[in-house]
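Asks: Okay, here's the structure, questions in a sec.
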Amino acid sequence: MGCQRSDDNTYRIETELGDIIIEVYPDKAPITVANFVRYVDQAKFDGASFYRVVRMDNQPVNPIKIEVIQGDFTGEDFYFPTIEHETTFTTGLTHKDGTVSMGRFEVGTTAAEFFICINDQPELDFGGKRNPDGQGFAAFGQVLEGMDVVRAIQAGEIDKQMLKKRIKIKGIYPDNN
């Protein structure tokens, strides 16, 4: 995509389908970015993968449809404690095409699950209707390069929303190119 990089905050997600380069925003989402960096620093990606894809055609019971791919920072049984929820209202970040955000169930349950948006997803922002509590999800980064890889993952063969063949995350590390 040719976006301008800020090397200190740029990371490479190396997958078996290709690399995804993201930039994170510690000035806007300090708690969520610190959580991301903690997982990157532990560098335990054995078993980590993109495992879930949400497309317009695989959400039959949900009236608010979204498009994302979801992964896990670690495939090990190692999770840091959950973090405080940073809403998009607080951070000013929104769920646009390529936004990287943290998954959660209830507010305060964010740990190691993350997702990448395909197309703009305003229903994932604060006040959006995808999550009944209206608090949205914690956006913290943006894909700079590799949306073709994101879309290839989303196009994978699925059983409901689960990929039949998970896409392995080989590593996540600072990208200084």
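Asks: Residue 160 versus (1) on the phi > 0 side of the Ramachandran plot; (2) without any contact (Cβ under 8 Å) to a residue 12 or more places away in the chain: which is the lone unmet condition?
Replies: So residue 160 meets the others, but not (2).
Asks: Out of (1) surrounded by 15 or more Cβ atoms within 10 Å (Cβ to Cβ); (2) hydrophobic (A, V, I, L, M, F, W, C); (3) within 15 Å of residue 172 (Cβ to Cβ), the odd one out for residue 78 is which?
Replies: (1)
Asks: Look at residue 45 and say whether it is free of Cβ contacts under 8 Å to residues at least 40 places away in the same chain and closer than 26 Å to residue 165 by Cβ.
Replies: no
Asks: Answer yes or no as to whether residue 155 is at pLDDT 95 or above, exposed (fewer than 14 other Cβ atoms within 10 Å of the Cβ) and not acidic (Asp, Glu).
Replies: The answer is yes for residue 155.
So that you can scan it fast, the table gives a plain yes or no per residue for (1) within 16 Å of residue 140 (Cβ to Cβ); (2) modelled with pLDDT of 95 or more:
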{"residue": "10", "(1), (2)": "yes, yes"}
{"residue": "26", "(1), (2)": "yes, yes"}
{"residue": "44", "(1), (2)": "no, no"}
{"residue": "55", "(1), (2)": "no, yes"}
{"residue": "59", "(1), (2)": "no, no"}
{"residue": "90", "(1), (2)": "yes, yes"}
{"residue": "93", "(1), (2)": "yes, yes"}
{"residue": "99", "(1), (2)": "yes, yes"}
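Asks: Given the structure, is residue 140 modelled with pLDDT of 95 or more, touching a helix residue (DSSP H, G or I) at 6+ places or on another chain (Cβ under 6 Å), within 26 Å of residue 12 (Cβ to Cβ) and not aliphatic (A, V, I, L, M)?
Replies: Here the answer is yes, as residue 140 does meet what is asked.
Asks: Would it be correct to say that residue 116 is under 22 Å from residue 127 (Cα atoms) and either among the polar types (S, T, N, Q) or at pLDDT below 95 (or both)?
Replies: Here the answer is no, as residue 116 does not meet what is asked.
Asks: Please go through segment 41-67 and give me each residue that is in contact with a Gly (Cβ under 9 Å, 6 or more places away or on another chain) and either surrounded by fewer than 19 Cβ atoms within 10 Å (Cβ to Cβ) or not in a loop (DSSP other than H, G, I, E, B) (or both), ordered by number.
Replies: Hits for segment 41-67 are 43, 44, 46, 47, 49, 50, 51, 52, 53, 64.
Asks: Just to verify a result, which residue in segment 113-168, among those that are touching a His at 6+ places or on another chain (Cβ under 9 Å) and in a helix (DSSP H, G or I), is nearest to residue 16 (Cα to Cα)?
Replies: 124
The values are calculated or read from the model by the stated rules, or taken from the named source; none is laboratory data. All values reported here derive from a predicted model rather than from experimental measurement. We place every Cβ from the backbone using ideal geometry, glycine too, and count neighbours over all the protein chains shown.
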